[in-house]
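What follows is calculated from the coordinates using simple rules that are stated; it is not laboratory data. Just so it is clear, the model here is predicted, and its values are computed rather than measured. Cβ placement follows ideal geometry from the backbone for every residue including glycine, while neighbour counts extend to all protein chains displayed.
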Amino acid sequence: MPFFYGQMIELRDVTFSYPSLGGQPKPVFAGLNLFIPRGRYVALMGPNGSGKSTLGKLIKGLLSPSAGQVFVDGQALKPGAMPPRVGYVFSNPENQIVSTVVEEDVAFGLENMGMDPSLIALRVRESLHLVEMEPYRHHSPHLLSGGQQQKVVLAGILAMESEVLVLDEPASMLDLKDREEILNLLLKIQGQGRKTVLHITHSVEEALKAQDLLVLNRGRVSFYGPVEGFFFGDRLPESEWGELPPFFRLIQGLRSLGHPIPPGVRSLEDLKKFLLQS
């Protein structure tokens, strides 16, 4: 896969284990190497226990490897350090909301950095505008919908000018409408700000919005490349993911009938356009 961007995230020979009750460490990664280019939207998938959330927390600095090194934009992360250039979004936004007023919550990280109040006000206003939450700046975040709360969390990260967004199932607790809004907002943020996005998800539909797919299995990278190369190849990985969504079964059926469905067809709308033109 040809990349034309500098490296933004790098893991060199990273080893990590969780402690266990029996005293024997539970290994997650052993000598893991990974490079994620600057400005890419990468979906991270894999079976439960494959190390998805652990990888995200290592990149943020919430966890430190027992061996090896994590680099962000060429800078090695020191143990215990959580660089503001990496923003982390959990699945439950309430776990990240610390204030009773939206604009105060967005300003929290900047105030801790000792930033000038006038610059804080400017960044808060700009980030709330970007996530379309400026009219709610004086509201209580605890009275907002789940999707609106997640937007407030994102605004706080954008105000910190984080260059990397690690998203740990950011839409899993949202209803259908809020989920679609958040996913579209993430694409907007990544596209406009050239952010590097690592989106942890169990949803094939969410992964299809990414440029690249990173698949972990038992602590190892089993696939890393363009989304099309994984989901739209000749043989879809049904055994690894369980029953495939109806759209994929439809693609398989059409191909078996001799229709040359190209890899770029990612949705029913794309499929409709292709069939009408062919």
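Close amide H pairs (under 5 Å, H built 1.01 Å from N) link SER222 with VAL215, LEU216, ASN217, residues at least 5 positions away or on another chain.
Net charge within 13 Å of LEU268 by Cβ-Cβ distance, Lys/Arg positive one each and Asp/Glu negative one each, not counting LEU268 itself? Summing Lys and Arg as +1 and Asp and Glu as -1 gives +1. Here the Karplus curve 6.51 cos²θ - 1.76 cosθ + 1.60, taken at θ = phi - 60°, turns the phi angles of the stretch 78-92 into couplings of 7, x, x, 7, 10, x, x, 6, 10, x, 10, 10, 8, 5, 9 Hz, with x standing for Gly and Pro. The C-alpha atoms of the chain define a longest principal axis, and helix 246-256 lies at about 30 degrees to it.
Sum up the charges of everything whose Cβ sits under 12 Å from the Cβ of GLY219, counting Lys and Arg as +1 and Asp and Glu as -1, but leave GLY219 out.
On the way: positive: LYS26, LYS52, ARG218, ARG220; negative: none.
Residues near GLY219 contribute +4 overall.
Bridgeable lysines around LYS177 (alpha carbons under 18 Å apart, same-chain partners fewer than 8 residues away excluded): LYS151, LYS188, LYS209.
Please figure out what share of the DSSP beta bridges in the chain is antiparallel and state it in percent, rounded to the nearest 5. Walk me through the intermediate numbers first.
Working: 21 of 38 bridges.
Restricted to the chain, the bridges split so that about 55 percent are antiparallel.
Peptides 55-63, 11-19 ranked from most to least packed by the mean count of surrounding Cβ atoms within 10 Å: 55-63, 11-19.
Straight-line reach from LYS272: taking Cα to Cα under 15 Å and skipping same-chain neighbours fewer than 8 places apart, no aspartates and glutamates fall in range. For a straight C-alpha distance cut-off of 18 angstrom, the aspartates and glutamates reachable from LYS57 (same-chain residues fewer than eight places away being disregarded) are GLU10, ASP13, ASP73, GLU163, ASP168, GLU169.
Using only side-chain charges placed at the Cβ, +1 for Lys and Arg and -1 for Asp and Glu, the dipole size of the stretch 119-278 relative to its Cα centre rounds to 220 debye. Each residue in SER66, SER118 was given a count of other beta-carbon atoms within 10 angstrom of its own, and listing them fewest first yields SER118, SER66. Taking the Cβ-Cβ separation of LYS188 and SER222 as r and a Förster radius of 51 Å, what is the calculated FRET efficiency to the nearest 0.05? According to the calculation, E is roughly 0.95.
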